[in-house]
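Engineer: Please read through the structure below; I'll follow up with questions.
Bear in mind these aren't lab numbers, they're just calculated from the coordinates by the rules spelled out. Keep in mind it's a predicted model, so treat the numbers as computed, not measured. Positions of Cβ are backbone-derived with ideal geometry, glycine not excepted, and every protein chain shown enters the neighbour counts.
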Amino acid sequence: MSLFQQEFSPPPIRTITPSIPFLHYTTADGLHYSRRLHGKERMSAANSEAGIGFAQIIAIGDLELKRSRTKEEFEPFVRGAWMKLRHLCPWIAVRTSALKTSSPNSFAFTYEKSTAQDLSLVEKWADETLVWRKESLNHAEWESLFKEHYWKPSEGRYSLELHIAKNREKDRWLLILRLSGPHWLTDGRGLFPVYDQFFRYLQSTLDGSSQSWTFLPWGEEITRLPPSAIETIPDVGGEIVKPAPPKKLFIRPGVDRTSSRPGNLSRRITLSREQTKAFNFACKKHGLNATGVINSLLILADLETILRLAKEKDPELYHQLISQYETTEAFPVPVNIIDMRNFVSPHWAKLTGATGVGGLVNLGFPSFHDMNLIRGCMRIRPDGTFDKNLGVQTFWRGLCVETQQILREGSRVTPHMYHVNAAMCENATPSIRAWTPPPVGVIASSLGNLERLDLFTPFRPSVAVQASNIAFVIHEWHFGVRTAGVPSHVLHSWDYDGELTINIQGSSNFHTQEAWNTFGDSLKDTIEKLLSVKAVL
C-alpha cells in the first residue's frame with residue numbers, strides 16, 4: 001500500500017438498480033441517499049437497540065508529533081485528513097435511524113451528499129464528529145470512560161467519531177476512534193484499514209504532499225457507498241457439511257449475576273519484544289500460526305478458572321467438574337470468527353482501494369477440542385493443584401496442532417453460506433424483543449500481525465523514529481469493545497511493532513473480582529511458563 005491512497009478519477013454518477021429492493025443506496029431528492037439494513041447488520045442493530053451497547057468498538061492510538069504543535073496548530077491537519085477520509089469512504093459518515101414499517105426492528109443508513117459549490121454539510125459533519133477533549137487521562141482511563149457511553153441505532157448518530165486528547169503521562173496526542181454503531185456498521189477487520197488510511201492522510205496533510213480537501217470532487221463520493229454485504233458477496237458455492245459434535249461434552253457451570261452494575265472490565269497482557277520474538281519463533285518452528293496457539297492457551301485458562309472457582313466455593317460442584325474433566329470427550333468453545341472479505345466481489349473490493357466496504361462480513365462457528373489433548377497439557381493432582389505440561393508433544397504438537405486444524409476446518413466456508421446466514425438473521429430479526437447476550441465462555445478475535453496486514457506500518461516506532469520524512473510516531477495501540485452485561489470473556493489480540501498484546505474484557509456483573517483475577521492470572525502464568533521452556537523455543 002502506498003503511503004496515501006491516490007486520488008480517484010471520479011466515475012460517472014449513476015443510478016444503481018438493486019437486485020433486492022432498498023439494499024443499495026438510492027435517493028428521492030438528490031441529497032439524501034438511503035438504504036435498509038439487512039441480515040447480519042440488521043440483527044446487530046436490533047440487538048443493540050434492545051441492549052446496552054455490546055461490542056461498540058474503541059481504538060486508541062498513542063501519537064507523538066516529531067514537531068511539537070499546539071492544539072490550534074494541529075487541528076487543521078487532523079480536520080483535513082478526516083475530511084479526505086470521508087470523501088474516500090463515505091460510509092463512515094452515514095447516520096442510522098429506525099424505520100416505521102410493518103416489519104419490526106427495521107433500520108436504515110442515510111448519507112447526506114455535499115457538492116463542490118456547498119461544503120456546509122461536510123463542515124457540519126466534521127464539527128460534530130471531531131471532538132477535542134480537555135480531560136487529562138491515561139490510556140486505560142480513556143478506554144474505561146468511552147466504554148461507559150453508548151447509543152442506540154434509533155438515535156441517528158453519525159457512524160464514527162474521532163476524539164483527540166493529550167496523553168496525561170507523556171507529551172503525546174491520543175487519537176481515539178469510536179465506532180458509534182456497535183458492529184451493525186462494520187467489524188474490526190472492516191474498520192482498521194479505514195483508520196490506517198486516516199493516518200496516511202494525516203501524514204500527507206502534515207508534509208504538504210496532497211491537495212486540500214476543499215478541492216476534492218464532492219458529490220461523486222456517493223458512487224462509493226456500499227450496498228448491504230449480500231450484494232457485495234456473490235451467492236455462489238454450496239453448503240459444506242460440518243461433522244457432528246462429540247456426544248460427551250464438558251458442560252460448564254452457569255455464571256451467576258453479581259450485585260454489581262454491568263460495568264466494563266479490562267486487563268491487558270503485553271509480551272516484551274524478546275518474549276514476542278520467542279513466541280513467534282516457536283510458532284514458526286512448529287508450523288503453527290499465533291491464533292491457534294493463543295486459542296489453545298485460552299482453553300487451558302478457561303478450564304483452570306472454572307475448576308479453581310468451583311473448588312473454592314462449591315466442593316460438590318467441584319467434584320462433579322473433576323469427574324467431567326477426567327471422562328468427557330471434548331471441550332466446547334462457543335464462538336470462533338471467520339473473516340469473509342476475500343469473497344467480496346472485485347468491483348466492490350477495489351472501489352475504495354485498501355479500505356474496503358465496511359459491513360459485517362464474517363461468520364461464527366463453535367469448536368470442540370479433544371479433552372485427551374487438554375488433559376495431556378494440564379493434570380489436576382489429588383490436592384487440587386495444577387500440573388501443566390507445555391512440552392513439544394503435549395502442547396505444540398498436540399493441543400495446538402488440533403486447535404489450528406479445527407480453526408482451518410471451521411473456516412472452510414462458501415459465499416453461499418454467508419447468504420444463508422444473512423437470510424436466517426433477516427427472518428429472525430423482526431421477533432427480537434430483548435437483547436440476547438453472547439454465550440458463556442471465551443470469545444476470541446485476533447486482529448493479527450499489523451505489519452503483515454500493512455496497517456500503520458510507516459508509523460511504527462521501529463520505522464518512523466528514524467524516517468525523516470515521517471511526521472509522527474504511533475507508539476502503541478489499544479483496541480477494545482464495550483462488554484458491559486456480557487457473561488463471556490471477550491479477547492482481542494494483536495502484534496504491533498514486535499509486541500504481542502492480549503486484551504481480556506468482561507463485565508463486572510458476571511465476573512467477581514476473584515473470578516476476573518483468576519482467569520487473567522491463569523492466562524498470564526501459562527504464557528510465562530510456556531516461554532520459560534527454552535528447549536521448546
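Engineer: Give me the dipole magnitude in Debye, nearest 20, for segment 136-175 about the Cα centre, with unit charges on the beta carbon: positive for Lys and Arg, negative for Asp and Glu.
Structural biologist: 60 debye
Engineer: Using the 10 angstrom Cβ neighbour count as an exposure proxy, how do 424, 340 rank, fewest first?
Structural biologist: 424, 340
Engineer: Here's another thing I want to ask about it. So what's the back-of-envelope 222 nm ellipticity for the chain, counting only DSSP H runs of four-plus at -39500 (n - 2.57) apiece and dividing by all residues, rounded to 500?
Structural biologist: The helix-only estimate for the chain comes to -10500 deg cm²/dmol at 222 nm.
Engineer: Same structure, new question: With Rg and Dmax of the Cα atoms in Å defined as stated, name the option among [x] 24.4, 89; [y] 22.2, 88; [z] 23.9, 78 computed from the structure displayed.
Structural biologist: [z]
Engineer: If I take R0 = 51 Å and measure r between the Cβ atoms of residue 131 and residue 392 in this structure, what FRET efficiency does the formula 1/(1 + (r/R0)^6) give, to the nearest 0.05?
Structural biologist: Using R0 = 51 Å, I get an efficiency of 0.50.
Engineer: To the nearest 10 degrees, how steep is helix 401-410 against the longest Cα principal axis of the chain, on a 0 to 90 scale?
Structural biologist: In the chain, helix 401-410 runs at an angle near 40 degrees to the longest axis.
Engineer: Applying 1/(1 + (r/R0)^6) with R0 = 25 Å to the Cβ-Cβ distance of residue 27 and residue 350, what FRET efficiency is obtained, to the nearest 0.05?
Structural biologist: 0.55
Engineer: Mind checking the dipole of segment 201-307: about its Cα centre, +1 per Lys or Arg Cβ, -1 per Asp or Glu Cβ, Debye to the nearest 20? All intermediate terms of the calculation are to be shown ahead of the outcome.
Structural biologist: Details: 13 positive and 10 negative charges, 169 e Å.
The dipole magnitude comes to about 800 debye.
Engineer: Separate question: When a footprinting reagent is the concern and you count Cβ atoms within 10 Å, what order do 176, 504 take, fewest first?
Structural biologist: On the way: 176 22, 504 25.
In increasing order of surrounding Cβ atoms, one gets 176, 504.
Engineer: To the nearest Å, what is the center-to-center distance of segment 352-385 and segment 431-457, using C-alpha atoms only?
Structural biologist: 12 Å
Engineer: Ok, one more. Which lysines have a Cα lying under 20 Å from the Cα of residue 147, excluding residues fewer than 8 positions away in the same chain?
Structural biologist: 134, 166
Engineer: Just name one of 423, 175, 334: the one whose Cα is farthest towards the positive end of the charge dipole of the chain (beta-carbon charges, Lys/Arg +1, Asp/Glu -1).
Structural biologist: Comparing the listed Cα positions along the dipole, 334 ranks first.
Engineer: Where does each of 139, 511 land when they are ranked from fewest to most other beta-carbon atoms within 10 angstrom?
Structural biologist: 139, 511
Engineer: Sketch the reach of a paramagnetic label on residue 317 as a point 7 Å from Cα along Cα-to-Cβ, and name the residues of segment 247-283 whose backbone nitrogen lies under 20 Å away.
Structural biologist: Once the point is set 7 Å along Cα→Cβ of residue 317, 249-262 turn out to lie under 20 Å by backbone N, inside segment 247-283.
Engineer: What is the calculated FRET efficiency for residue 272 to residue 138, with r their C-beta to C-beta distance and R₀ = 35 Å, to the nearest 0.05?
Structural biologist: Details: r = 20 Å, r/R0 = 0.57.
After rounding, the FRET efficiency stands at 0.95.
Engineer: Helix 188-207: angle to the longest alpha-carbon principal axis of the chain, degrees 0 to 90, nearest 10?
Structural biologist: It works out to around 50 degrees.
Engineer: Now a separate question. Quick check: the distance between the Cα centres of segment 461-493 and segment 214-247, to the nearest angstrom?
Structural biologist: About 26 Å separates the Cα centre of segment 461-493 from the one of segment 214-247.
Engineer: Which stretch or stretches of segment 72-116 have amide N atoms under 20 Å from the point lying 7 Å from residue 207's Cα along the Cα→Cβ direction?
Structural biologist: 74-85
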